[in-house]
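Asks: To start, I am sharing the structure in question, which I have written as structure tokens.
None of the figures in this text is laboratory data; all of them are computed from the coordinates on show. As the structure is a prediction and not an experimental result, all values here were calculated from the model. Cβ placement follows ideal geometry from the backbone for every residue including glycine, while neighbour counts extend to all protein chains displayed.
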Amino acid sequence: MYFGFGAIAFWIARDYAFGTASRMGAGYFPTVLSGLLMFFGVLALLRGVTQRGAPFGAFAWKPALIITASTLAFGLLLTRAGLIVSLIVLIFGSASASAKFRFEWRATLLALGLIAFCVLVFIKGLGLPMPLFGSWFGE
């Protein structure tokens, strides 16, 4: 997977100007980063092939589908419901994929802290044009 994502990024960045380390072009960072990603992918593959270990169990389809659905819901809700509601759906939806998930006050406080952090970083710090509350709430 590392190698695959690295190869895709490397292929996308091939038309960008590379530049030098002192005068980086638009393709410098994605090319170097994708090269490192492919390198780590090869290392992981070699490690997996050469070392003995327990076989993988069955693929956990239900949690994978729940996490995928939560991520898709986040993307669909972002403009309509806003960042705060979308993050609540993403965090608690993804967390519910775990068999150990329980809705308790500590998890809720951590989720609220994560939401506050995201609001501060993405909206206040980076100035991304995301609504806190979307069109469903009259904004």
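Asks: Could you work out the equivalent-ellipsoid semi-axes for segment 61-137, taking the square root of 5 times each eigenvalue of the Cα gyration tensor, largest first, in whole Å?
Replies: Values: eigenvalues 102, 48, 20 Å².
Computed over segment 61-137, the values are 23, 16, 10 Å.
Asks: Once each part is reduced to its C-alpha centroid, what is the distance from segment 1-41 to segment 49-84 in angstrom?
Replies: 26 Å
Asks: What trypsin sites (Lys or Arg not before Pro) does segment 1-68 have in DSSP loop regions with at most 14 other beta carbons within 10 Å?
Replies: 23, 52
Asks: If the chain between residue 100 and residue 136 were fully stretched, how many nm would it gain, using 0.36 nm times the residue separation less the Cα-Cα distance?
Replies: Taking 0.36 nm per residue and subtracting the Cα distance, the gain is 9.7 nm.
Asks: If you don't mind, there's one more thing I want to ask. Between residue 49 and residue 15, how high is the FRET efficiency from 1/(1 + (r/R0)^6) when r is the Cβ-Cβ distance and R₀ = 35 Å? Nearest 0.05.
Replies: Numbers: r = 34 Å, r/R0 = 0.96.
The computed FRET efficiency comes out at 0.55.
Asks: A further question on this structure: For residue 36 and residue 117, what does the FRET efficiency come to when R0 = 41 Å and r is the distance between their Cβ atoms, rounded to the nearest 0.05?
Replies: Calculated value: 0.90.
Asks: Next up: If eta is 0.692 mPa s and T is 37 °C, what Stokes-Einstein diffusion coefficient results for the chain, Kirkwood Rh from Cα pairs, in µm²/s?
Replies: Roughly 176 µm²/s, to the nearest whole number.
Asks: State the three equivalent ellipsoid semi-axes of segment 46-103, derived from the C-alpha gyration tensor as the square roots of 5 times its eigenvalues, in descending order and whole Å.
Replies: Over the Cα atoms of segment 46-103, the ellipsoid semi-axes are 32, 14, 9 Å.
Asks: Restricting things to Cα coordinates, could you compute the convex hull volume per residue of segment 2-50 in Å³?
Replies: 53 Å³
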